[in-house]
Amino acid sequence: MPIVVMIENYSIGMLWKLFMKIPDIKNGLDKWGFKVETKIPGVR
């Protein structure tokens with residue numbers, strides 16, 4: 001199953017986009033000092 005998710009994320013990035021719409025995820029990443037990119041490298 002993880003390989004299917006990785007392939008999907010590489011091809012269109014839908015799961016990543018949905019994941020990043022969760023406010024708690026964004027807030028947590030900001031709190032830990034991660035920079036949230038609006039464009040995913042490698043996604044067309």
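General remarks:
- Compared with the alpha-carbon gap, the fully stretched path from V5 to K26 is longer by 5.5 nm at 0.36 nm per residue.
- Using θ = phi - 60° and Karplus 6.51 cos²θ - 1.76 cosθ + 1.60, couplings along region 16-32 (whole Hz; Gly, Pro as x): 5, 4, 5, 4, 6, 7, 6, x, 5, 5, 4, 5, x, 5, 4, 4, 8
Any read-out appearing in this document is the output of simple, stated calculations on the displayed coordinates, not a laboratory observation. Here the structure is a predicted model, which is why all the values come from computation and not from measurement.
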